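Right, one structure below, let's go through it.
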Amino acid sequence: MTDRNAFHNLVGNYSPLDEIEQKDTQAFTEFTKIFGDKAYSRENMIGHITASCWIYNQQRSKVLMVHHNLYQSWSWIGGHADGKKNLLAVALNEALEETGISNLILITTSPIEINVLPVQSHYKNNVYIPAHLHFNVVFGFIGDENRALKIKPDENSDVGWLDVKNLEQFCTEPHMLPIYRRIIEKIKKIG
C-alpha cells in the first residue's frame, strides 16, 4: 500500500461528527493533495501535518497531559510528522518522547479527531516561527498511570495524569477545551 493510499484509508475510516469536523477533514485532504510530501515537513511554512495523543488511564477518569512551555498550558501530547507518513507511529513516538510512557493500548484504529489548528507566531530555540496551521490527527489510547513519567524540558515543564472532569482548571487555552470535550464524548460512545 502506498503512503497516499494509507493516508486516504486513515481519513476514509474517520467519521466526522459535525460540520466543523467535515470541513476540517476536507481542508486536511485538500492540503495533502496540494502539497504532497511537503505537507509532512515543518519547512512548509503555510502548515504541516501533526499527530496527537489522547491517553486515558484504565478507568478513563484521568488523561495524560503535558504542561507546554510555549503555551503555558496543560495540553495533549503530540508533535510534527517531520516527513513520516505513519501518523499512528508519530503519535506513539511523541507519547514516548514527551512523557516516557510506552505500551499504550489503541482505543480504535481510526483517528478520534481530525482538525486544523492555528499556531501563533513564536520563537523556538531563538528562531522565529511564523503563524501557520497544524493539520492534526488525534489517536486515543489507554495507558498505565502507574508507570514512571518523564519531562521533555525543551518542550514541557511538567507531565501528569489530570482529572478529566477538571480540565478547565488546567487548560488555559480556551479554544482547545471544546476539542477536548468532543474527544471525551467520542470515546464514551466507542465504549
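Quick look at the values:
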quantity	calculated
Residue, surrounded by the most Cβ atoms within 10 Å (Cβ to Cβ), within segment 127-184, restricted to residues that are polar (S, T, N, Q) and over 17 Å from Pro111 (Cβ atoms)	Asn156
Per-region count, segment 98-125, residues modelled with pLDDT of 95 or more and charged (D, E, K, R)	1
Single match in Val116, Val90, Val137 (criterion: in contact with a Lys or Arg (Cβ under 8 Å, 6 or more places away or on another chain) and either of a type outside the set (D, E, K, R) or not in a strand (DSSP E or B) (or both))	Val90
Test for Ile107: is it in contact with a Gly (Cβ under 9 Å, 6 or more places away or on another chain) and either surrounded by fewer than 21 Cβ atoms within 10 Å (Cβ to Cβ) or farther than 23 Å from Val164 by Cα (or both)	yes
Count of residues meeting criterion [surrounded by fewer than 16 Cβ atoms within 10 Å (Cβ to Cβ) and of a type in the set (A, V, I, L, M)] in segment 28-61	3
Checking Leu10 against (1) modelled with pLDDT under 95; (2) in contact with a helix residue (DSSP H, G or I) (Cβ under 6 Å, 6 or more places away or on another chain); (3) surrounded by 16 or more Cβ atoms within 10 Å (Cβ to Cβ), the condition it does not meet	(2)
Test: residue in segment 157-171 that is touching a helix residue (DSSP H, G or I) at 6+ places or on another chain (Cβ under 9 Å), part of a helix (DSSP H, G or I), closer than 30 Å to Ser15 by Cα and without any contact (Cβ under 8 Å) to a residue 12 or more places away in the chain	yes
Given (1) crowded, with 22+ Cβ neighbours inside 10 Å; (2) modelled with pLDDT under 95, index of the condition Ala95 fails	(2)
Strands (runs of 3 or more DSSP E) lying entirely in segment 5-86 (those with 1 or more residues that are of a type in the set (D, E, K, R))	62-68
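The values are calculated or read from the model by the stated rules, or taken from the named source; none is laboratory data. On a predicted model such as this, the values are computed, not experimentally measured, just so you know. Cβ coordinates were reconstructed from backbone atoms using ideal geometry, including for glycine residues, and neighbour counts include every protein chain displayed.
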